[in-house]
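Have a look at the structure below, then the notes.
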Amino acid sequence: WRIFCLYKTYTYFFSASPHRWNILFKALGGKVVIKRLIDVRWSAHADAVRALDSGYNDIQSALNLIANDKEEDPKTINEAKSLSSKMDKLEYVILTSIWNRILSRFNMVSKTLQSE
């Protein structure tokens, strides 16, 4: 479940400030696909992990922009550095990829069963 904790943490970090949200928006090429993970449905988890997996490098770039911005609050800079450093870990890269594949398939099967 560590991947979901990371997802929630970076979602809260970016959504806490319109300035940070705009940086993320620009880094993702104008398509922000992240949202707060408050839903207990597996499809919401699948969407969250897919957004993290597809935008991993862009999200990390946004964090690095904030971490290197001298005009940012020191607390914000430290948070951005911490999140970026977590994303540097191979564990999170692998977990994101694996969970994306698992939940995508699970979500597909679930939708098929619901439509029958």
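The values are calculated or read from the model by the stated rules, or taken from the named source; none is laboratory data. What you see is a predicted model; the values in this text were computed from it and never measured. Here the Cβ is made from the backbone with ideal geometry for all residues, glycine too, and neighbour counts use every protein chain on show. The accessibility values were calculated without ligands, DNA or RNA, using every heavy atom of the protein model including side chains. Shrake-Rupley method; radii C 1.70, N 1.55, O 1.52, S 1.80 Å.
Tabulated values for the structure
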quantity: Neighbours by Cβ (under 7 Å, 6+ apart or cross-chain): first from region 53-68, without any contact (Cβ under 8 Å) to a residue 24 or more places away in the chain; second hydroxyl-bearing (Ser, Thr, Tyr) and buried (at least 16 other Cβ atoms within 10 Å of the Cβ); calculated: 64/84; 67/84
quantity: When residues of region 38-49 are limited to those that are surrounded by fewer than 18 Cβ atoms within 10 Å (Cβ to Cβ) and closer than 19 Å to residue 12 by Cβ, the one modelled with the highest pLDDT; calculated: 44
quantity: Where residue 53 falls short, out of the listed (1) in a helix (DSSP H, G or I); (2) modelled with pLDDT of 90 or more; (3) of a type in the set (Asp, Glu); calculated: (2)
quantity: Filter pass, residue 112 being under 12 Å from the mean Cα position of the chain (by Cα) and either open to solvent by 90 Å² or more (accessible area, probe 1.4 Å) or of a type in the set (S, T, N, Q) (or both); calculated: no
quantity: Those residues of region 71-103 which are open to solvent by less than 50 Å² (accessible area, probe 1.4 Å) and either out of contact with any helix residue (DSSP H, G or I) (no Cβ under 7 Å at 6 or more places or on another chain) or part of a helix (DSSP H, G or I) (or both), in sequence order; calculated: 76, 77, 80, 83, 84, 87, 92, 95, 96, 97, 100, 103
